[in-house]
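Structure first, then comments.
The values are calculated or read from the model by the stated rules, or taken from the named source; none is laboratory data. What you see is a predicted model; the values in this text were computed from it and never measured. When we count neighbours, we look across all protein chains shown, and the Cβ atoms used for this are built from the backbone with ideal geometry, even at glycine. Keep in mind that these areas ignore ligands, DNA and RNA; they rest on the heavy atoms of the full protein, side chains included. Shrake-Rupley method; radii C 1.70, N 1.55, O 1.52, S 1.80 Å.
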Amino acid sequence: MTNEMLRLGLIGGGPGSFIGPVHRMAACLDARFVLSAGAFSRTLAKSRQQAARWGIPEDRAYDGVEALIAGERGRDDGVQAIAIATPNDSHFAIAKAALEAGFAVICDKPMTATLAEAEALAPIVVQSGRPFALTYTYTGYAMIREARARIADGAIGRVRKIMVDYPQGWLSERIEADNAQARWRTDPAKAGMGGAIGDIGVHAFQLAEYVSGLRAAELIADLPRVVTGRQLDDDCNVLLRFTGGVPGVLTASQIATGERNALRLRVYGEKGGLEWCHDAPGELILRWPEARTEIIHAGAPGLHSTAQRATRLPSGHPEGFIEAFATLYADFADMIEGSCGAQGLLPGIEDGLRSARFIDCAVRSNEARTWLSLPDIAR
Ligand SMILES: NC(=O)c1ccc[n+]([C@@H]2O[C@H](COP(=O)([O-])OP(=O)(O)OC[C@H]3O[C@@H](n4cnc5c(N)ncnc54)[C@H](O)[C@@H]3O)[C@@H](O)[C@H]2O)c1
């Protein structure tokens, strides 16, 4: 780790946006990055408005990635990495432009709007030789990393069952006319091939593979559009078979009335089970035969080094979404600086490709009403 902060440019994150401001807070939390420039909006005035709020000089607020690259390239203090926090349909073009211009890239999920874009991006990442990461937020939680390490160490024995649920209720009504975030998420031209499956189903899918160490091989999906008039799924029900035939169930919904963001993962092995829920992200529940239950807490002594690395505060001092996101940025900084600190923990191009194939496969399975194989991609 060097003492010098890396200079970051952010695309997206304009006034009123959701995840761009989270990228800013997370990137800066551990003093590994400084937000130096951005194309926070496609409208220059809005981009400048956000820059002023964040103390960024007006001449480093741009109206698109092309302008940012042109403006930053020639500066001694120009940005070294670009973060992408725009709606899905622009991820591919921005990532391509940034990588080809020699920048490291950290992109929000889903990696691209279509499978074709994901498949086109993979060789661009390889040819660029630049660091490329994806902000699958939940992989930054200490207790997710603890769960992953325990399963890899054989603590629950051979995995036999995976259950992952991601219920939200915020799209229970047709709010898209008055809500910018709902509008693009329910528009196939902006969101891409999936609705809820692409927005939150991918988090659930990636998390199940990330923690279990298994890969999904087959699936059958039922992706209804529950709210009348929707063009994309708003509810996802997927049966999976992982490596070795291990069964899995994935549900994700944006019409689960009253639910907020209750992502929950349960993995069961021959010797025990474990459970993590976003409502209490600093806890990992371990289940043992004869109904014995154990709860372990973030920050407690004896946790795996990868969990300790994702913890900043003593046990009992809650860390949450921003800190998990910041862990991904710390891993990204290590990756840029060539340190091995992240130890393969940071999601990258393989996770992006696998998730794109998952969405594509689920959408096709829903249409065909049948099981389909998920083409393999090495993680
Ligand atoms: N990792 C997570 O947990 C997480 C959570 C929420 C959203 N996301 C992802 O983040 C992305 C953004 O989602 P959001 O909810 O923040 O959307 P949003 O609508 O709240 O914000 C998007 C911002 O991007 C700007 N923008 C759009 N196109 C642009 C362009 N070409 N150049 C510059 N700025 C542009 C908009 O003006 C807006 O400020 C999506 O891909 C979404 O799937 C990830």
25 °C / 0.890 mPa s Stokes-Einstein diffusion coefficient of segment 111-166, Kirkwood radius on C-alpha pairs, µm²/s
169 µm²/s
Return a single number: how many Lys pairs in the chain, at a sequence separation of 8 or more or on separate chains, have alpha-carbon atoms below 29 angstrom apart.
8
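Just the Kirkwood number for segment 176-242, please: inverse of mean 1/r across all distinct Cα pairs, in Å, one decimal.
12.9 Å
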How are the C-alpha pair distances of segment 80-225 spread across 10 Å bins, as whole percents from the shortest bin up?
10, 33, 34, 20, 3
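Please give the per residue volume of the convex hull enclosing the alpha carbon atoms of the chain, rounded to a whole number of Å³.
Numbers: hull volume 52.6 nm³, N = 379.
Once divided by residue count, the hull of the chain is 139 Å³.
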Keeping all protein chains in position, work out how much accessible area GLU367 exposes to a 1.4 Å probe, and write it in Å² to the nearest 10.
130 Å²
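With a sphere of radius 10 Å drawn around the Cβ of ARG158, what net charge do the other residues whose Cβ falls strictly inside it have (Lys, Arg +1; Asp, Glu -1)? Write down the numbers at each step before the final one.
Details: positive: ARG160, LYS271; negative: GLU270.
Summing Lys/Arg as +1 and Asp/Glu as -1 gives +1.
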Where Rh is the Kirkwood radius over the Cα pairs of segment 1-137, the temperature 37 °C and the viscosity 0.692 mPa s, what D in µm²/s does Stokes-Einstein return?
223 µm²/s
For the chain: accessible area per residue (Å², 1.4 Å)
41 Å²
For the chain, share of DSSP beta bridges that run antiparallel, in % to the nearest 5:
60 percent
Three principal axis lengths of segment 82-151 [C-alpha, angstrom, descending]
38, 24, 20
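Could you tell me the ratio Rg/Rh of segment 247-329? Both radii from Cα atoms, Rh via Kirkwood. Numbers along the way, then the final one.
Details: Rg = 14.6 Å, Rh = 14.7 Å.
On the Cα set of segment 247-329, Rg over Rh gives 1.00.
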How long, wide and thick is segment 312-359, going by the Cα atoms along their three principal axes, in whole angstroms, largest first?
39, 29, 14
Heavy-atom accessible area with a 1.4 angstrom probe orders ASP63, ASP360, most exposed first, as ASP63, ASP360
If you take the square roots of the eigenvalues of the alpha-carbon gyration tensor of segment 204-299 and sort them as a ≥ b ≥ c, do you get rounded (a/c under 1.5), prolate (a/b over b/c) or oblate?
oblate
When the charge dipole of the chain is computed with +1 on Lys and Arg Cβ and -1 on Asp and Glu Cβ about the Cα centre, the Cα farthest towards its positive end, among GLY201, LEU274, ALA61, belongs to LEU274
Where the centroid of each part is defined by its Cα atoms, how far is segment 310-379 from segment 253-290 in Å?
18 Å
Once Lys and Arg are counted +1 and Asp and Glu -1 for all other residues with Cβ under 9 Å from that of TYR268, the total becomes +3
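Find the relative contact order for segment 1-158 and round it to a whole percent, using C-alpha pairs within less than 8 Å whose residues are 6+ positions apart.
Working: 258 pairs, mean separation 28.7, N = 158.
Relative CO of segment 1-158 lands at 18 percent.
State the Kirkwood hydrodynamic radius of segment 241-379 in Å, one decimal place, computed from all pairs of distinct Cα atoms.
The answer is 18.2 Å.
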Using Cα springs under 10 Å in a Gaussian network model of the chain, which residue among ARG264, ARG148, ARG75 shows the largest mean-square fluctuation?
ARG75
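Just order 84-94, 272-282 by mean Cβ neighbour count inside 10 Å, highest at the front, would you?
Details: 84-94: 22.6, 272-282: 18.7.
In descending order of packing, they fall as 84-94, 272-282.
So what's the back-of-envelope 222 nm ellipticity for the chain, counting only DSSP H runs of four-plus at -39500 (n - 2.57) apiece and dividing by all residues, rounded to 500?
-10000 deg cm²/dmol
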